[in-house]
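Novice: Pasting a structure here, questions to come.
The values are calculated or read from the model by the stated rules, or taken from the named source; none is laboratory data. Keep in mind the model is a prediction, meaning the values are calculated, not measured. Positions of Cβ are generated from backbone atoms using ideal geometry, with glycine treated the same way; all protein chains shown enter the neighbour counts.
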Amino acid sequence: MKRILSLGFLLAGLALLLGSCQDDSTNMRKKITGKAGELVVVVPTPTWEGATGKRFREVMAQPQLGLPQEEPIFDLIAVPPSAFKEIFKTSRNIVQIKISTTIDSSKVEFKKDIWAWPQAVVNIQAKSTEDFNQLFDQYSDRIVAYMLRAERDRLQLNYKKYHDKAAKNVIRDKFNIELNVPPGFKVTKERDDFAWVRYETPDISQGILIHTYPYTSDSTFTENYILNKRDSILQAHVEGPADGSYMTTEHQLPAIFNVFELRKNYAAETRGLWKVEGDYMGGPFINLTVLDAANNRIVMLDGYVYAPRFDKRNLLRQVEAMVYSVEFPDQQKNDKITSQAKMGN
């Protein structure tokens, strides 16, 4: 399970590999098929049922961290090479495994849009089982990150094309940031430096809490500071269903914390569980905290999911794609400040 802790860094590094195609030729391609989170594995049955297949499943179906119930990071569908026909070739995520003595050299290839769009494909070719195991151990984290990034990119591509214009305009005018949320999301609460954007149905609730505050020191990007700041915001603005109840972080389980750069901006991601103090609600959250250097401020985006009767992996990934769509109009100024700071160190 610890393998996925470092994937935030790999996801950021793979942005160039999975840049979305914007040319007109994409309109001529077949669209991908399959459900979000599915991954087709083209592999001979004996390999899949043996030790190699077991090792592959341990990595590619490992539990997604930060969820209240165990769910795999991918739903794997094994397909023998002889059955890999058109119906499977348009799948959104594909890993092809070939182990043969006829292969010239063992390698891993990262491809996109081979049979459909927007598609992510990884080819693993090895001369022997031993070579495959070495290759997979070397590249497994990158393969996971590549596929996760592809899932996020597809959502962001869709939200960029189909978003709630009213919510986008309110967010832009209030915070001077760009953020894409799909139709149905509404800004339901506004306070000084705070807004609550959410989508409600009788079965699920998805929301994004936006808060800005001055940047004062590097301690802003520590796990304790972010969680304490998060809890203070939640208690002040996110009331629960019962009198005196409010949303807060579930501190009985450790959060998952990473510091990295998001489009050259210093940032931190925190994943964990939330609960309602004074009630029985709860679920997963993802918190993205980003430095807006040009305005000497912190932008905190906190996405959460409440879906007590449903799997939450894909619902949280939807919210994740929304918060990660954040962009600053003053990004060129941010880049200049960041560059100067790095030169001074």
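Novice: Is it true that some residue in the range 234-251 is in contact with a Ser or Thr (Cβ under 6 Å, 6 or more places away or on another chain) and surrounded by 15 or more Cβ atoms within 10 Å (Cβ to Cβ)?
Specialist: Yes, the range 234-251 has at least one match.
Novice: Which one of these does GLU58 not meet: (1) modelled with pLDDT under 95; (2) of a type outside the set (Lys, Arg); (3) surrounded by fewer than 17 Cβ atoms within 10 Å (Cβ to Cβ)?
Specialist: (1)
Novice: Tally time: how many residues in the range 215-240 are over 25 Å from the mean Cα position of the chain (by Cα) and among the aliphatic types (A, V, I, L, M)?
Specialist: Of the residues in the range 215-240, 1 are over 25 Å from the mean Cα position of the chain (by Cα) and among the aliphatic types (A, V, I, L, M).
Novice: Where in the range 227-293 are the strands (runs of 3 or more DSSP E), entirely inside, with at least 1 residues that are in contact with a Gly (Cβ under 7 Å, 6 or more places away or on another chain) and charged (D, E, K, R)?
Specialist: 265-277
Novice: Where in the range 92-181 are the strands (runs of 3 or more DSSP E), entirely inside, with at least 2 residues that are in contact (Cβ under 8 Å) with a residue 40 or more places away in the chain?
Specialist: It comes to 93-99, 107-112.
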